[in-house]
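Please treat every number below as a calculation from the coordinates, not as lab data. As the structure is a prediction and not an experimental result, all values here were calculated from the model. Virtual Cβ from ideal backbone geometry, glycine too; neighbours counted across all protein chains shown.
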Amino acid sequence: MVYLLLLCIIGVSENCKSRLEQNPGSISAGFLSEQYYYLIPILFATAVGGSCVGRKIVTKIDQDKFKKMVLIGIILVSIKFIIDSITEFL
């Protein structure tokens, strides 16, 4: 779920057109089960909102501070994924 949300946010903020073209193919290929289809509009709205907020933040925060914030966020998410993977095998 978190991974799908992250993909939507990255897709809208980085390259909306190609991401939107890939999503129907991913859904029809079975990467997203039908029980989660109702979340697609919510995820899309969240991605668009996050993209808009991100653009406003970028213009108001010093670039070096913003880069550090993004790096810290990526590190924290990476640590979470590593911990989840380790605990899954235990």
message = Tell me the net charge near residue 58. Cut-off is 11 Å between Cβ atoms, residue 58 excluded, with +1 for each Lys or Arg and -1 for each Asp or Glu.
response = +4
request  = Quick one: which residues, 5+ away or cross-chain, put their amide H under 5 Å from the amide H of residue 61? H built at 1.01 Å from N.
outcome  = none
query = If the convex hull of the alpha-carbon atoms of the range 31-90 is projected onto planes in all directions, what is the mean projected area in square nanometres?
reply = 5.9
